[in-house]
Amino acid sequence: MRIALDAMGGDCAPKNTIEGAVLALKEYPYIEKLFLVGDAVATGNELERLDFKDARIEIFHASEIVSMTESAAKAVRHKKDASICRAVDLVKNGLAHAVVSAGHTGAAVVACVLKLRTLKGIDRPAIACLLPTQNKVFVLIDGGSKPGLKPGKPGSVCDYGLRFFGARPWLQQPFSRVDVDWRRKHAG
């Protein structure tokens with residue numbers, strides 16, 4: 001797998017993102033290439049500080065950063081050399097299979113929708129997070145989504161969640177937000 005990491009996205013970046021990248025490369029040998037996208041000097045300095053060298057790392061310079069206070073759409077449209085935009089470009093151009101960012105979620109979604117587009121039949125993108133517990137893993141689908149979403153409509157966020165579970169039998173029984181609300185209301 002080839003991954004483009006927005007090295008400048010997130011709190012305390014690039015320190016935390018590069019530390020996480022090093023841990024991932026040590027633990028997951030199936031990562032064949034990890035593009036560290038961001039300020040080349042800062043990224044290189046972090047790798048040097050950690051005394052880490054790995055042939056699977058490629059630093060891909062990007063001169064701009066999207067801050068958490070910026071409008072996602074404006075930033076993606078005007079900051080063409082932002083690290084998240086350049087990371088998504090690597091997927092668009094076939095150099096990477098996936099993008100990872102701990103930065104501005106809105107900017108990551110906007111960059112992906114504008115540059116990669118959505119699949120046919122998808123009304124809007126959703127974000128899925130695997131959250132481990134002591135006994136199992138569960139998936140939070142679009143935690144920041146608007147209330148009132150209903151399952152059953154193809155292309156809805158609830159439908160995404162159910163399809164995600166169906167493709168992964170190792171996950172536990174799915175419950176949508178609608179299920180949780182119904183259970184609370186009828187729990188007695």
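What follows is calculated from the coordinates using simple rules that are stated; it is not laboratory data. This is a predicted model, so every value here is computed, not measured. Backbone-built Cβ (ideal geometry, glycine too); neighbour counts: all protein chains shown.
Among the trypsin sites (Lys or Arg not before Pro) found in region 1-79, those both in a DSSP coil and sparsely packed, with 16 or fewer other Cβ atoms within 10 Å of their Cβ, are Lys53, Arg56.
Database remark: amide H of Val99 closer than 5 angstrom to the amide H of Ala4 (H placed geometrically; neighbours at sequence offset of 5 or more, or on other chains; Pro and chain starts carry no H). If the label point is 7 Å along Cα→Cβ of Ser63, which residues in region 70-107 have backbone nitrogen under 12 Å from it? So the set is 80-82.
Note on Asp81, Asp89: ascending count of other Cβ atoms within 10 Å places them as Asp81, Asp89, the fewest first. Go ahead and run the numbers for FRET between Ala55 and Val113, Cβ-Cβ distance against an R0 of 35 Å, rounding to 0.05. For R0 = 35 Å, the calculated efficiency reads 0.55.
Can you list residues whose amide H is under 5 Å from Phe138's amide H, if they're 5+ apart or on another chain and H is modeled 1.01 Å from N? Those qualifying (amide H under 5 Å, at least 5 residues apart or on another chain) are Leu131, Thr133.
Close amide H contacts of Ile59 (hydrogens built in the peptide plane, cut-off under 5 Å, sequence separation of 5 or more or a different chain): Leu36.
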